[in-house]
Structure formats: structure tokens, C-alpha cells
Amino acid sequence: MKHSIIFLVALISPGAFTVSPAVEQPFVVYERGAKVSRADIKHDNTSNDRIIQIEALNVSGGSISMGRSNPVLPPANISSIISVNGSYVMTRDVRRSGRGVVIQLLNVVYPYRARLTISEQIFEFEVKQPGFWKINIVVSQ
């Protein structure tokens with residue numbers, strides 16, 4: 001019995017309750033529209049370029065919907081990019097398809113915070129660390 005009391009005191013000692021500091025995330029999503037069904041932000045470790053690649057897709061763009069007056073659903077489009085913090089030099093169109101678009105922001109100055117309008121939906125994010133970032137946004141219309 002005497003040994004079990006000493007063991008219990010060792011478990012409850014103040015040194016056992018150390019709190020580690022919170023790890024800061026390299027990105028933050030501030031706002032996401034109601035019809036943004038998925039948003040993934042990933043760092044590409046294979047490149048050191050200062051690029052943010054944004055892929056905006058419609059869940060079912062380019063497909064036929066029989067119940068609508070316009071039977072072909074439009075692809076997702078990026079109608080505006082507002083830089084809240086940081087900047088970029090230029091954009092490059094990478095790909096357009098029946099579901100959406102892929103663009104790149106080149107020579108980004110970090111931390112970079114932007115507010116995008118994608119198919120009338122708002123998506124606001126911030127990337128804090130430099131590098132090549134891929135942002136995939138899927139919108140349901």
C-alpha cells in the first residue's frame with residue numbers, strides 16, 4: 001500500500017501537466033460560401049517557386065440536367081481575386097474544362113491573403129509560408 005501512494009503522487013505532480021505551445025497552421029480559411037462543397041489547401045514540397053495554383057471546379061459542370069431550362073450546367077469560373085494582404089505579379093491560365101478552371105498566381109509575396117469570387121461564392125484564405133501551394137475548390141450549383 002505504501003508503494004502505491006508514492007506512485008500516485010508521482011503521476012499527479014505539476015511537471016506531468018506541461019502544456020505544449022500551439023502549432024501555427026501554415027494556412028487559414030476565413031470564409032467559405034454556402035455552395036463551396038470542398039476546399040483543400042496543400043503545400044507542394046517538390047518546388048520552391050512562389051506560386052499559388054487555384055483549381056475551381058463545379059461538382060457537375062458540363063453535365064446535362066434535364067430539370068433546368070438551360071440543360072448544361074456551367075463550369076465554375078473565378079470572376080475576381082482581391083488581394084487583402086500580400087501581392088502577386090501576374091496570373092497564368094493553366095487549363096479550362098467543362099467543369100472549371102485552373103489558374104496560377106505567380107511571384108506571390110507572403111503572407112498572402114485573398115478573397116475569391118468563384119461562381120458567385122466567396123472563398124477567403126491566407127497562406128503564411130512561401131512556396132508552391134495548390135488550392136482545390138469545388139462548388140455545387
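The values are calculated or read from the model by the stated rules, or taken from the named source; none is laboratory data. Note that the structure is a prediction, hence the values are computed from the model and not measured. Virtual Cβ from ideal backbone geometry, glycine too; neighbours counted across all protein chains shown.
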Mind checking which residues of segment 95-113 are under 22 Å from Gln141 (Cβ atoms) and either in contact with a His (Cβ under 6 Å, 6 or more places away or on another chain) or not in a loop (DSSP other than H, G, I, E, B) (or both)?
-> Arg95, Arg96, Gly100, Val101, Val102, Ile103
Provide a single number: the residues in segment 114-134 that are of a type in the set (Asp, Glu) and assigned to a strand (DSSP E or B).
-> 2
Among the numbered criteria (1) among the small types (Gly, Ala, Ser); (2) over 18 Å from Gln141 (Cα atoms); (3) modelled with pLDDT of 95 or more, which single criterion is violated by Ala39?
-> (2)
Out of all the residues in segment 87-97, is one or more modelled with pLDDT of 95 or more and surrounded by 15 or more Cβ atoms within 10 Å (Cβ to Cβ)?
-> yes
So which residues in segment 31-59 are among the β-branched types (Val, Ile, Thr) and either exposed (fewer than 15 other Cβ atoms within 10 Å of the Cβ) or assigned to a loop (DSSP other than H, G, I, E, B) (or both)?
-> Thr46, Val59
Where Asn45 falls short, out of the listed (1) modelled with pLDDT of 90 or more; (2) within 27 Å of Glu120 (Cα to Cα); (3) out of contact with any strand residue (DSSP E or B) (no Cβ under 8 Å at 6 or more places or on another chain) = (2)
If we keep only residues of segment 108-128 that are more than 19 Å from Ile51 (Cβ to Cβ) and of a type in the set (Asp, Glu), then the residue modelled with the lowest pLDDT is Glu120
Look at Arg92 and say whether it is closer than 23 Å to Ser37 by Cβ, assigned to a strand (DSSP E or B) and among the charged types (D, E, K, R).
-> no
List the pairs whose first member sits in segment 110-124 and is closer than 20 Å to Asn58 by Cβ, whose second member is polar (S, T, N, Q) and surrounded by 22 or more Cβ atoms within 10 Å (Cβ to Cβ), and whose Cβ atoms are under 7 Å apart, counting only residues at least 6 apart or on separate chains?
-> Ser119/Asn58
Can you spot a residue in segment 7-26 that is at pLDDT 70 or above, touching a strand residue (DSSP E or B) at 6+ places or on another chain (Cβ under 9 Å) and not in a loop (DSSP other than H, G, I, E, B)?
-> no
